[in-house]
Each structure stands twice: as C-alpha cells, then as structure tokens.
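Heads up, the thing below is written out as structure tokens.
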Amino acid sequence: MEKSGAAMILEALRKEHVDIVFGYPGGAVIPLFDALYDAPDIRLIMTRHEQAAVHAADGYARTTGRVGVCIVTSGPGATNTVTGLATAKLDSVPIVCITGQVSRSLLGNDAFQEVDTIGITQPVTKHNFMVSDRKLLPRRLKEAFMIAATGRPGPVVIDIPKDIQIEKCDDAYPETASVRGYTPSPDAYESKIPQLAEALRDAKKPLFFIGGGMAIADATALFSQLLEKVQAPFATSLMGIGVMNSNHPLNLGRLGMHGTIAANQALAECDLLVGLGVRFDDRAIGNPDQFAPHARIAQVDIDPSSIGKNIRVDLAIEGDLRPVLEALIRALSPAQFPQWLLQIEEFRKYQNAVQNRHQHKVGNTDEMPRPQEVLSAVRGIFPDAIIATEVGQNQMWAAQYIPFSRPREWLTSGGLGTMGYGLPAGLGAQAAHPERPVVVIAGDGSIQMNIQELATLVQENLPLVVVILDNGYLGMVRQWQELFAGGRYASTCLKFNVECEKKCKPGAPCSRPSLDFAAIARAYGAEGFMVDSLPLFRAACLAARKLKKPTVIDCLIGREENVWPIVPPGKSNSEMVYEGERV
C-alpha cells in the first residue's frame, strides 16, 4: 500500500516506540504536522521556540533513556536548533531532530526559508543527512535512530524536503540498519582488563572517577558490585552526579573547579585514578600539568576520541562500560584499603571544619535565605523530584547542596553550559514523567533565555515547579569579575538602568526592585510567588506541590552570594579557595 513520506515518518516513530515529540510548525513541515494531527497515539507538544523543542527532547531522553524527538521547519526553524543540538552532543544525549527543507526543485536557489541545514549542523551533531530520494526515507530514518542511540549517544539531524513528505511510495520501515564504517560497541577492551585488574591490585590509594557515561550505560548496579569487591573511594564529574547515591559512604562528591575539598584532596594523593565513562573536561581537571600528580591514570570510554584528549592516560580502554565492568569484576579478587580510607576520613573532617568556619552570611546583609538553605528545603519538600538546572551559580549550588539517590534525576548542561536549558529540559522531563514532581533551579538571568516556555507548560497542563535564585546579577560572571577582574561588574547587573548614577561594584547598595517573575508567571496563566525569607519559601513550595499546575517561585537571595569552594583559573585542583581562604 502506498503511503506518503509524512506517513512513513509516523510509521518510524511508532516502530521506535516514540510517544511524545516536541516541535514547532512551519511551511516546510506542514505535511508532517498534518499527519500528526490524525495521530492520537503520538503526543505533539508545541514549544514556543525551536531551541526549547530540542532541550525538551533532551530532557525527555535523559530521564527515560530513550531517544528524544523534535520536529522543526526549514531555515530559521533549523538554525534555531543549533544550541540545543550542541548541548546534546557534548553531553551525549540521543536525539533525532527532523528538519523540514524546501522542495528539491528549489534547492540552491535561495528559496524562502532555505538554508544549508546539513552544513550548519554538521559540527554540532553526531551525524546528519538529507533525504534526497523518497525510496531512501525508511532506511535513513532507521539509521538516524540507530546512530543516535548506540555507541556514544548523540543528536542526529535528518533533513527532509517538503516534496518528499508528500510523495507516495509502497514501502515499509526496516527492522534493522547498518552504516558502513560505524562500529557502535567496540570490543577492544578484553586484552586490557588484566592490566587494569593488576593496577588495582598494586595500588595503595586508588580512586575511581565516574561520569555521565555510567548512567548512559545503565551500569550503576555493576559499579556497586565493583565497589563491594574493591573498597575504594570515588568522585564524580558534574554529569556523574546521581549515578551513585550522594550519601554513599565511599562517595567524595564532585571533582574540579567547584568540587568538594575531600574529592580534590584525594585526587592530589591517589596513586591510581580510574576514569569510568568520563571525558576529563577542563572544569574537572584544572591545570592538566598538575592533575593527579602521583597517579597512574586509566580511562575507560566507549568513544576513543575522548581517551587521552585532555590529560595523559597510562592505560586506555575503549569499550562499553557494562561489559568492561563485568569483565573487571570477574578478574578482581576482593581488596580493601584501610589506611587509605582513614586518610579519606581525615579529608572529610577537614572539609567539614572549613565549611563550619564559614557559616556566616557572606554577601547577604538583608538576612535573605542562603542558597544552601533554599536548596535543602527543595529536596526536603520534593524528595522524589527530578531536578533540572539552568547554568551559572544556580547550577553549581544545586550540584553542591541537592542530594540524589539514583541516576536520571539530574538534568544539567554540562559541556556547553547552556543558559536557557533548564526550563525546557524540565518541561520534557515532566511530559515524560507526569506522575513525578519536576523542579527547575534557575537564576534570574538564565530563566529569561527561554521563559516563553511557561506558555507551553500552561497549555499542556504540566505541573513543573521553577525555583529562581534571584540576586539581580548574572551571578557567576559577576563572581568572576569580583574575584579575578578587579571587582568591575561590567554588564552583569540585571537591575541596571540608564538612570543609575554609578556603575556596579562590590558591596554597592541597590534600591532598584527585582524583576517580578511571579507576576510574569501569572501573566502566562501559571501560578507565581515572590518570597524573601526561608519560611515564605517553604510555604510557597508546599503550595506548589498541592497546586498541580505550573508554578514559579521567585526567591530573593543575597546580592553577592558566591559559589565556594573554587579553583582559580590556571591553578591545580589542590589550590582551592573557600571565601578567600586557601584550603
């Protein structure tokens, strides 16, 4: 039976078990959206911006482990996806982005809303292609889903001219696909397992470093088995948060620029560092010449291009984490490191002592709630919530102060650092998990990047809760200006007005009111609260949990709260600073 290209796309979505797609219509995808109009089994959520559609598909994918799908039109619709695609590529998120294209007869003629989507998106995708022949459409769709989900996952763009969406053909969606030269699951690890097992046996101070690849591989249970055999501490990357319980006795927290003191001290002392599904990004390693100075370094990753890219690696193991860990567990005998764990406990005690010395309210002269108090309340009132963040101080505070008990509950833009990610990613997570609370932690700068998605939340009746840590600044940039740019707050004050007499500088009072995000939320049809105390914040959270509708809680915090500790630029991870004190 003949079917249109649009009908074939729907058949592909059904065969790939896609239940929700995110998108924005336009001229080049009218046939596809028309087909979706008669598809009650596929929920189409129309975001208010194409970037948000990609982030929503990203949030869906991260929390479900399935491929997220978004659909946009040609030209500006396609170009608006670039930031979302780059975000997904750096964080290894499987997405299939279907872009409409002008009809084949118009290609190359500078037709209305024609751009070279393939050329533009190639640097920010795992793979992309244009369908130039209707007969190739089923195969290309299958390849797109296969490539996105296998190996190191990532976004795939499939560009489909409008006339191909209309053209009919008697065909079927294939069961399998293969791409010449593409080997998604390398098996070159087997010969290296004895070497890694020997390194662990010989080590006196081993440290595991786990990343988001552990969650992608669904390897948490295997890593737990490894820890039962090898009682060694571990630290995480930003993307590795939640892979293991935050309160696990061997969990030292996060490495790097805003990591924990204990994790960075352990890094400085370890004699073997084993990276598992982590790419050793620059924010985690600090000065690469002084990274893990006493350690042999082993790195296990499914992507060979990530191995040894940023640091020296003594033992490189290319492979899928699940079979690698299974083989390693078989090869190892039980091992304990009591002296090393005693030293680790001393690191923890020192960390607690430093934190206790700095419990006063720095940068918070108005006695507003501190970020750690706000975020502790969030987890207390929403203990089972999926947490999405924007980017900046809000992101780092959430990483520091919100505990997690299992994978796929932590959504954040790690590699690209995309402001505007959290709200639409939380939207996608809420659509995928309507029975669970989803909370977005945002700043008053980043929330404005995609604030229009409040309209989508209201339209779709998604009870997302947005907590804004409102300090009137682009907080992370302001912090760097305070610490490393002579206190010159250049273009970071969100309250600035041409009537201001002086430029912002550290400690300068400000009487200008904050933007009223609660009023903005209500204008969209959501609920909104503005609070300036911890009791009021708790009350707003409790109300939001009962309301079951989109809610924004605009929480005023101290203007110059900083994220501590911090590794200054160019320094090693062992040269952390905590509120001016070298620790």
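For this structure, a couple of remarks:
- Residue within region 210-224 that is farther than 23 Å from Asp281 by Cα, in the same structural domain as Ser305 (by TED's automatic domain parsing) and out of contact with any Lys or Arg (no Cβ under 7 Å at 6 or more places or on another chain) present: yes
- Residues that are under 19 Å from Ser306 (Cβ atoms) and part of a helix (DSSP H, G or I), drawn from region 123-138: Pro123, Val124
- Pairs, first over 25 Å from Arg134 (Cβ atoms) in region 166-191, second hydroxyl-bearing (Ser, Thr, Tyr) and surrounded by 14 or more Cβ atoms within 10 Å (Cβ to Cβ), C-beta under 9 Å, six or more apart: Pro184/Thr150; Ser185/Thr150
- Among the residues listed as Arg322, Arg283, the single one being free of Cβ contacts under 8 Å to residues at least 60 places away in the same chain, outside any loop (DSSP other than H, G, I, E, B) and surrounded by fewer than 20 Cβ atoms within 10 Å (Cβ to Cβ): Arg283
- Lone unmet requirement of (1) modelled with pLDDT of 95 or more; (2) part of a loop (DSSP other than H, G, I, E, B); (3) farther than 18 Å from Ser572 by Cβ for Ala298: (2)
- Any hit, region 523-536, residues being closer than 24 Å to Gly417 by Cβ and hydrophobic (A, V, I, L, M, F, W, C): no
- Tabulated pairs, region 461-478, first charged (D, E, K, R), second assigned to a strand (DSSP E or B) and modelled with pLDDT of 95 or more, C-beta under 7 angstrom, 6+ apart or interchain: Asp470/Asp554; Asp470/Cys555; Asp470/Leu556
- The listed residue being small (Gly, Ala, Ser) and surrounded by fewer than 24 Cβ atoms within 10 Å (Cβ to Cβ), out of Ala455, Ala425, Ala429: Ala455
- 2 or more residues under 17 Å from Phe517 (Cα atoms): qualifying helices (runs of 4 or more DSSP H) within region 406-499: 422-432, 453-460
- Within region 539-583, considering residues that are within 24 Å of the chain's Cα centre (by Cα) and of a type in the set (Asp, Glu), the one nearest to Glu435 (Cα to Cα): Asp554
The values are calculated or read from the model by the stated rules, or taken from the named source; none is laboratory data. Note that the coordinates shown come from a computational prediction; the quantities given were computed from them, not determined experimentally. Positions of Cβ are backbone-derived with ideal geometry, glycine not excepted, and every protein chain shown enters the neighbour counts.
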